[in-house]
């Protein structure tokens, strides 16, 4: 039963990144659900801190950085695995990732966003009994902003209900940081920047 360290939305906060590096020593796999910088700027600085992690680490891009930008920033970090429409297996657990803002945000051209239709295509290969890592939360779960508006993705909700992952890790909506919900039988965690240790239940994973 591996232990995961879940986090999201450090937004360039190097102190938050240092705390994640410290907590990573307690985990078997680290999971970062996007938004490592702010508005596509200065991504390398937080990644330089996080790359001190020597635990296998799964990352998805947020809407504040693109997949290509994250790949480039992490190019020297051997323990990192960047996922976006694909997956990997670590510690006998299957992980599948999707990044970006879903649905499209109102933030304009700097934001790395996807429509619900694009998200459904990216999620086609998500396996059952995996850990789904999504920057954006599912519609109706840990997706309410500070005004109480539900801003999550219907595509992500649908794939959770269809495939029933072991766990869904997300971020993006700051008003729901540190909250947990359940969809079908799947726990959904909006991790936030503080870091959240989570024990994955045993599953039959090839």
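Please treat every number below as a calculation from the coordinates, not as lab data. A quick note: this is a predicted structure, and the numbers were derived from the prediction, not measured. Positions of Cβ are generated from backbone atoms using ideal geometry, with glycine treated the same way; all protein chains shown enter the neighbour counts.
The table below lists the values:
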| item | result |
| --- | --- |
| Potential extension, residue 145-residue 158 segment - 0.36 nm per residue separation minus Cα distance | 2.6 nm |
| As computed over the stretch 66-179, the Cα convex hull volume per residue (Å³) | 111 |
| Length added when fully stretched, residue 54-residue 115, from 0.36 nm per residue minus Cα-Cα | 18.5 nm |
| Per-pair calculated FRET efficiency, R0 = 35 Å: residue 89 and residue 38 via Cβ, rounded to 0.05 | 0.65 |
| Cα centroid of the stretch 57-103 to Cα centroid of the stretch 111-135, whole Å | 12 |
| Principal axis box of the chain, alpha-carbon based, largest edge first, Å | 42, 36, 28 |
| Mean Cβ neighbour count within 10 Å, used as a protection proxy, ranking 185-195, 4-14, 30-40 highest first | 30-40, 4-14, 185-195 |
| Peptides ranked, highest mean first, by Cβ atoms within 10 Å: ranges 143-151, 101-109 | 101-109, 143-151 |
| Efficiency of FRET from Cβ geometry, residue 174 and residue 125, R₀ 35 Å, rounded to 0.05 | 0.75 |
